[in-house]
Amino acid sequence: MPSTEYINERRAMTREQLAGRGIANKAVLRAFMNVPRHRFVPPKNQPNAYEDRPLNIGCGQTISQPYMVALMTDILSPMPSHNVLEVGAGSGYQAAILAELAHEVVTIERCPALAAQAERRLAALGYGNVRVLLGDGTAGAPGYGPFDRIVVTAGGPAVPDALKRQLRPGGRLVCPAGCRQAQRLMVIDRRGADFEEHEGVSCVFVPLIGREGWPAESAN
């Protein structure tokens, strides 16, 4: 049962911001109803948690606009049998959404404070199928793969090759790529040893920092 706290705001978000803008996958919409987004933002921002915009969560990071989280999840199309990797745990919200839809979720965060907070939130909400790792997300998590689905929630100069290599044949990777100020959602489907790449909508994410992303000094 979804939390009843902020239930009307969550219903309005799901109906107006998601279904009203073309998100039709019932499992995805149900996941957004089930996950209490306000639990993933600082207390002072909880009244604004269901607004159609990103919110600051500390460490120079944000929780993404609900529609963008839903769009990326819809494109990713995780299934109940899937092993999913998320790069950029942030608040833990996207991982919670994925945990509602997939078998197992591994999420990586480079900021120790955010990683610890995300781990505590996810555990408190009962998401036992999520593992939070601290490290360079552009290197992926080879010890936990291969992955059926990979989603990157920060914008890099290109899709990291290390993540492509950890994608199972038949799998899909969604990653914002472009310049630091603006990106496009790139959708990568693995067909055996080959990768099919499609360019999606325009978007703006915080920088993807790491060995195959932007250097830390170029983050701002």
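Read-outs: derived from the displayed coordinates by stated rules, not from any lab. Since we're looking at a predicted model, the values are computed, not measured. Here the Cβ positions follow ideal geometry from the backbone for every residue, glycine too, while neighbour counts run over all protein chains shown.
A compact table of results
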{"quantity": "Spherically averaged projected area of region 105-152 from its Cα convex hull (nm²)", "calculated": "3.4 nm²"}
{"quantity": "For residue 106, residues with placed amide H under 5 Å, excluding near neighbours", "calculated": "84, 85, 86, 131"}
{"quantity": "Where Rh is the Kirkwood radius over Cα pairs, Rg/Rh for region 1-86", "calculated": "0.96"}
{"quantity": "Counted charge near residue 136, where neighbours are those whose Cβ lies closer than 13 Å (Asp, Glu -1; Lys, Arg +1)", "calculated": "0"}
{"quantity": "Charge dipole of the chain about the Cα centre (unit charges at C-beta), most positive-ward option of 202, 7, 134", "calculated": "7"}
{"quantity": "Distance from region 167-220 to region 50-73 (C-alpha centre basis), Å", "calculated": "17 Å"}
{"quantity": "Stretchable slack from residue 201 to residue 5, in nm (0.36 nm times residue separation minus alpha-carbon distance)", "calculated": "67.3 nm"}
{"quantity": "Mean residue ellipticity (222 nm) of the chain, computed from DSSP H runs ≥ 4 via -39,500 (n - 2.57), nearest 500", "calculated": "-6500 deg cm²/dmol"}
{"quantity": "Gyration tensor verdict on region 131-219 (Cα atoms; rounded if a/c is under 1.5, prolate if a/b is larger than b/c, oblate otherwise)", "calculated": "oblate"}
{"quantity": "Acute angle (nearest 10 degrees) that the helix 66-76 long axis makes with the longest principal axis of the chain, alpha-carbon atoms", "calculated": "50 degrees"}
{"quantity": "Across the chain: Cys residues that no other cysteine approaches within a C-beta distance under 4.7 Å", "calculated": "175, 179, 203"}
{"quantity": "Peptide ranges 4-13, 79-88, 164-173 listed from the most packed, as the mean C-beta count within 10 angstrom indicates", "calculated": "79-88, 164-173, 4-13"}
{"quantity": "Average projection area in nm² (convex hull over Cα atoms of region 53-158, one quarter of hull surface)", "calculated": "6.4 nm²"}
{"quantity": "The chain: angle of helix 112-124 to the longest principal axis, Cα-based, in degrees nearest 10", "calculated": "50 degrees"}
{"quantity": "Other-chain or far-sequence residues with amide H under 5 Å of residue 55's (modelled H)", "calculated": "63"}
{"quantity": "Convex hull volume per residue in cubic angstrom - Cα atoms of the chain", "calculated": "110 Å³"}
{"quantity": "Magnitude of the charge dipole, region 54-218, Cβ model with Lys/Arg +1 and Asp/Glu -1, debye to 20", "calculated": "160 debye"}
